[in-house]
Amino acid sequence: MAEEVKLFGSWASPYTSRVKVVLKLKGIEYENVEEDLSNKSPLLLKYNPIHKKVPVFLHHGKPIAESLIIIEYIDETWKHNPILPIDPYDRAMARFWAKFIDEKIQPAVWKTLLAGENEREAAIEEAHQLLKTLERELNGKKFFGGESLGFLDVAGNVVVWLEVSQEALGMNLLDKEKFPILHEWCQRVLDDDAFKQVMPPKEKLLAFTRARFEAFLGPK
Amino acid sequence: MADDIILLDFWPSMFGMRVKIALAEKDLKYEYREEDLRNKSPLLLEMNPVHKKIPVLIHHGKPICESQIIVEYIDEVWKDKSPLLPSDPYERAQARFWADYVDKKIFELGRKIWTTKGEDQEAAKKELIGCLKILEGELGEKPFFSGENFGFVDVSLVTFSCWFYAYERFGNFSIEAECPKLIAWTKRCMQKESVSSSLADPFKICGFVVLLRKKFGIE
């Protein structure tokens, strides 16, 4: 029942979006609680006192934090349309690459945004190498999960969001000529029914990204 | 060998120790290969081209990297003996959350303690004790993090305990004074053969840190 399942999140958070995509893929009804991240609710702080972040998933009143941990919980609790592979080795690979995205690609992308003029080229080169490494993992498949979206495609949404929002940041990090395979994968993901329903409208995302970036850098 | 397992490791690594504990818990025979991190073997570079780090578990010739991922893999493949993750999905999520918390905090803070001085070191000490207290609170009165049985979170954290002596020596503080229940838990874990046979000697770790500090030019 919808009232047993709640998701505390933000429309602008790709991590929240990951969970929403999985809930959509599994057809699970839930109550969406939109958080204002500049003014976090007492409930959010109660349910995630350690990190105080979104998303937080609530099931039968019990909270779970961290998007990838939430997804594994959802996959184990609602076993239809599995998101993670069945084979333990394939599961380990999916987890490895999801971690690579969160711990290597994301920080590298941020570095290119924040780098001073002297370091920018090196930062871009590093991000490019990491994206190339990820691209190779597609290895001729339609999605990382094979014929349909899997765990790594969901975790890879941050790459998709980068593709969509990078123009707002005046950058072309995920250049479709440098990364034709990754670019095509992004298009297939954006075209997926579940993903489409959950992705924020492009203009809204661009405006938000622009504003957030300018706020972060401060007035020039 | 029956199970065809190779572990590429480096003896002081608390991450490698996690894998050793998991393999011991499952009673598995494996080939242990010590890596010289200043001169990494072709096998390591071939099996972990992305990070070029240890530990790497090679099972039937296929590599698995990243210690928590390796431990989960071991738990899933050899699921009939000494399960490390609970069977309930919510308890599993909690175990993964706390193991992830250990990964996000403890290594970096510990490293700051033996590589910095003055205000930076004081801040790192304070933050490390804060995190250990949170973990101590999570343990509560239970014998192990998931309850009666030794499990995933215990594996993730206990391997740092052989580094505590080095942290205390260079940070000039006592972890036991601040977190007595956590130290009691480490002793409880050490009563298990899988743990005591996998953790390095704290004095040897300290000696290793002395060498590293010299190498990095830290006074």
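The values are calculated or read from the model by the stated rules, or taken from the named source; none is laboratory data. Please read all numbers here as calculations on a predicted model, not as lab measurements. When we count neighbours, we look across all protein chains shown, and the Cβ atoms used for this are built from the backbone with ideal geometry, even at glycine. Please note that ligands, DNA and RNA were not included when accessible areas were found on the heavy atoms of the full protein model with its side chains. Shrake-Rupley method; radii C 1.70, N 1.55, O 1.52, S 1.80 Å.
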- Taking the convex hull of the alpha-carbon atoms of region B:66-219 and averaging its shadow over every direction gives an area in square nanometres of 9.4
- Query: Using only Cα atoms, what Kirkwood radius does region B:160-219 have, in angstroms?
  - Reply: 12.5
- Note on the structure: Note to self: C-alpha centroids of region B:74-108 and region A:85-99 sit apart, in Å, by 15
- Message: Using only protein heavy atoms and a 1.4 Å probe, how much accessible area in total is buried between A and B, to the nearest 100 Å²?
- Response: 2300
- Task: Compute the separation of the alpha-carbon centres of region B:29-47 and region B:124-174 and state it in Å as a whole number.
- Result: 29
- How large is ³J(HN,Hα), in whole Hz, for each residue of region B:201-216 in order, when computed from phi with the Karplus curve 6.51 cos²θ - 1.76 cosθ + 1.60 and θ = phi - 60°, using x for Gly and Pro? 6, x, 5, 5, 4, 4, x, 5, 5, 4, 5, 5, 4, 4, 4, 7
- Item | Ellipsoid equivalent to region A:41-124 - semi-axes via the Cα gyration tensor, in Å | 31, 22, 7
- Query: Which one of B:SER161, B:PHE208, B:ALA177 is farthest out on the positive end of the charge dipole of region B:141-219, using unit charges on Cβ (Lys, Arg +1; Asp, Glu -1) and the Cα centre as origin?
  - Reply: B:PHE208
- Message: Treating only the Cα positions of region A:87-220 as identical point scatterers, give the base-10 log of I(q)/I(0) from the Debye formula at each q in 0.15, 0.22 Å⁻¹.
- Response: -0.76, -1.47
- Message: Using a 1.4 Å probe on the protein heavy atoms only, what accessible surface does B:HIS51 show? Give it in Å² to the nearest 10.
- Response: 40
- Pair-distance profile P(r), taking every C-alpha pair of the protein assembly as shown, with 10 angstrom steps and integer %: 4, 19, 29, 29, 17, 3, 0
- Descending principal axes extents, region A:1-152, alpha-carbon based, whole Å: 51, 40, 21
- Starting at 0 and stepping by 10 Å, how many percent of the alpha carbon pairs of region B:1-98 end up in each bin? 15, 49, 28, 8, 0
- Message: With +1 assigned to the C-beta of every Lys and Arg and -1 to the C-beta of every Asp and Glu, and no other charges, what is the dipole magnitude of the protein assembly as shown about the Cα centre in debye, to the nearest 20?
- Response: 780
- Computed about the Cα centre, the charge dipole of chain B from +1 Lys/Arg and -1 Asp/Glu charges at the Cβ has a magnitude in debye, to the nearest 20, of 640
- Write out the trypsin sites (Lys or Arg not before Pro) in region B:7-82 meeting two conditions: DSSP loop, and at most 15 other Cβ atoms within 10 Å of their Cβ. B:LYS29, B:ARG38, B:LYS52, B:LYS79, B:LYS81
- Item | Unsatisfied cross-links (Cα-Cα over 21 Å) in the set A:LYS46/B:LYS133; A:LYS79/B:LYS79; A:LYS178/B:LYS62; B:LYS104/B:LYS192 | A:LYS178/B:LYS62; B:LYS104/B:LYS192
